[in-house]
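Novice: Below you'll find the structure I mean.
The values are calculated or read from the model by the stated rules, or taken from the named source; none is laboratory data. None of the values given here were measured: they were computed from a predicted structure. When we count neighbours, we look across all protein chains shown, and the Cβ atoms used for this are built from the backbone with ideal geometry, even at glycine. Heavy atoms of the whole protein, side chains included, go into the accessibility calculation; ligands, DNA and RNA do not. Shrake-Rupley method; radii C 1.70, N 1.55, O 1.52, S 1.80 Å.
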Amino acid sequence: MKKLTNYISYAVVAIVILLSTSCNDFLNDIPKGQKTPSTWADFNAFIKNSSFPYFEMDQLFCLMNDVYKTPNALNSNELTRAHYLWDENVDRTLINSVDKNAYFSAYEALFYWNLIIEYTPEATECTQQQKDMLIAQAKVLRAMTYFYVTNYYAAPYSEKNKDLLSVPLVTSSSVEAPSPQVSLKNIYDFMISDLETAVSSLPKVGESILHPTKSAGYGMLARVYLNMGNYEKALQNASLALEENDKLFDWIKFYHDDEARFTNPNEYSPSCKEDPEKNNVENYVFHFSSMSFWNGTNGLTYAISPERAAKFEKGDTRLLTHWKAKESSKSGKYFAGIYGLEPNKGGIRTPEMYYIKAECLARLGGEANIKAAMDLVNKVRKTRILPEHYKDWSASSTKEAIQLIIADKANEYIQSQVIFCDYRRLNTEPEYAMTLTKQVDNKEYKLNPDSHLWIMPFPIEVLNNPGNGSIQQNVNK
């Protein structure tokens with residue numbers, strides 16, 4: 001996406017303000033020759049022309065066994081090695097000075113969303129409806145950002161955990177604003193308040209893929225309520241989101257349109273004939289997932305192991321269009337990335353709502369609800385699994401249905417925080433808690449559902465610079 005260039009590099013101005021002054025002095029401290037945001041179009045540009053921030057998730061991918069790492073990669077990064085090999089003996093709190101983009105990119109983003117929410121009421125050259133819409137969109141983006149950073153650095157939400165500390169809550173763009181580290185309940189209540197007050201002012205269609213729609217508002221509410229275990233509210237909002245947009249992208253057609261490249265065992269080009277990401281009918285809102293999803297180095301950046309590839313069904317185009325088996329003397333056997341596009345891993349898409357609605361229906365129990373749940377999952381699978389391999393899934397119990405739903409959701413949302421949050425949520429329920437296992441160099445490793453590794457430690461730089469508050473580390477090591 002193109003960077004901010006038309007408005008005197010608002011990003012630079014904003015960071016200067018963030019570091020040096022409060023936004024009460026915003027209009028008095030703009031560098032000479034640079035434009036002060038004042039109109040609705042000025043504030044809208046923070047979203048419209050944004051190329052920031054990314055939701056960094058590489059350490060989550062390592063923990064979930066959703067990415068393949070070579071021995072050299074593991075030897076060069078102690079934190080990555082600890083997560084990839086599920087080493088609970090490593091004190092991550094002492095070595096985490098490398099995984100800081102996840103935190104700082106989130107709070108950079110929050111500065112901008114707070115700025116829009118605070119100052120758009122004073123914007124000129126617009127209607128009240130435009131103001132309300134822009135503020136609502138910024139509230140959705142703020143909730144998305146808090147959800148991301150909370151589920152990175154804090155414990156999963158549960159009745160048992162809700163009073164634990166989460167992350168700093170900053171509601172103003174002023175550098176003088178307090179930044180208290182609040183409880184999980186506080187941060188979730190804040191997200192819900194933002195979303196519920198925003199949804200009525202959101203547009204059905206966004207000005208750009210970066211502008212949240214009404215479906216994004218409902219979708220984010222469904223995501224938050226699901227994570228809280230409030231399945232009634234999650235079902236309600238997932239259904240409302242699907243009423244706004246229930247379209248699914250045809251990955252089978254995408255596969256056939258470029259089948260020669262996908263089936264050629266010697267072809268590892270990452271070039272795609274079309275872009276099924278930014279122009280995807282499934283998108284409620286687009287958000288970047290990493291600073292550099294693709295770097296073309298032997299397809300290793302987001303490669304997966306043969307073990308992880310085996311979890312896809314035969315004929316699953318989500319595997320066939322993204323990875324291909326490869327072997328080298330240095331890297332061993334792996335599935336190289338052949339999809340050189342930036343996926344919408346940090347945003348919201350329709351399949352997530354199908355899975356949420358399906359799980360919530362399955363939890364209601366009863367033959368009719370379980371069948372309806374599996375029908376929703378099968379609707380997604382029919383656009384992903386090649387017809388010659390496709391068979392409807394069915395389930396005879398709530399537990400079996402949920403296990404199937406999560407299995408397919410894990411393949412749809414591989415290398416994303418969506419499935420990471422599901423694993424953590426389900427790990428709080430004894431009936432669904434899972435122990436992950438894998439083999440590396442003929443040695444077996446396992447990750448228990450109650451492992452402290454499921455919570456990422458705050459970076460050392462964050463603890464040393466807590467803002468206008470104090471921050472306690474959320475995990476012992």
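Novice: Assign unit charges at the C-beta atoms only (+1 for Lys and Arg, -1 for Asp and Glu), then state the dipole size of the chain relative to its Cα centre in Debye, rounded to the nearest 20.
Specialist: 640
Novice: K247 versus K330, label points 7 Å from Cα toward the beta carbon: distance in nm?
Specialist: The modelled label-to-label distance comes out at 4.3 nm.
Novice: Whenever you get a sec, compute what percent of the accessible area on segment 357-477 sits on carbon and sulfur atoms (1.4 Å probe).
Specialist: Ligands and nucleic acids excluded, carbon and sulfur reach 45 percent.
Novice: Further question on the same structure: With a point put 7 Å past each Cα toward its Cβ, work out how far V475 is from E267 in nm, to one decimal.
Specialist: Once both label points are built, they end up 4.1 nm from each other.
Novice: Can you return the lysines within cross-link range of K162? Criterion is Cα-Cα under 28 Å, with same-chain partners fewer than 8 residues away left out.
Specialist: K100, K139, K185, K233, K345, K357, K399, K409, K446, K477
Novice: Follow-up question, since we're still on this one. May I ask for the distance between the Cα centers of segment 338-364 and segment 243-278, given as a whole number of Å?
Specialist: 18
Novice: Something else now. May I ask you to evaluate 6.51 cos²θ - 1.76 cosθ + 1.60, the Karplus curve with θ = phi - 60°, for each residue of segment 395-403 and list the ³J(HN,Hα) values in order in whole Hz, giving x for glycine and proline?
Specialist: Coupling constants for segment 395-403: 9, 9, 8, 4, 4, 5, 4, 5, 5 Hz.
Novice: Which shape class, rounded, prolate or oblate, goes with segment 338-390 when its Cα gyration tensor gives a ≥ b ≥ c as root eigenvalues, a/c under 1.5 marks rounded, and past that a/b bigger than b/c marks prolate?
Specialist: Because a/c hits 1.5 or more and a/b fails to exceed b/c, segment 338-390 counts as oblate.
Novice: Something else now. Sticking with the crude label model, points 7 Å out along Cα→Cβ, report the distance from K100 to A41 in nm, one decimal please.
Specialist: 3.9
Novice: Still on this structure: Between D91 and E367, what's the calculated FRET efficiency when r is the beta-carbon distance and R0 is 45 Å? Round to 0.05.
Specialist: E(calc), rounded to 0.05, equals 0.35.
Novice: A follow-up question, please. Taking the Cα centroid of segment 184-229 and of segment 372-442, what is the distance between the two, rounded to the nearest whole Å?
Specialist: 24
Novice: Here's a follow-up. Given only helices, namely DSSP H runs of n ≥ 4 each adding -39500 (n - 2.57), what is the per-residue ellipticity at 222 nm of the chain, to the nearest 500 deg cm²/dmol?
Specialist: Taken over the chain, the calculation gives -13500 deg cm²/dmol.
Novice: Continuing with this model, one more query. Can you give the extra length, in nm with one decimal, that the chain gains between V205 and T171 once fully stretched, where that is 0.36 nm per residue apart less the Cα-Cα distance?
Specialist: Full-extension gain reported as 9.5 nm.
Novice: Let me ask something additional. How many Å² of accessible area per residue for the chain, probe 1.4 Å?
Specialist: 41
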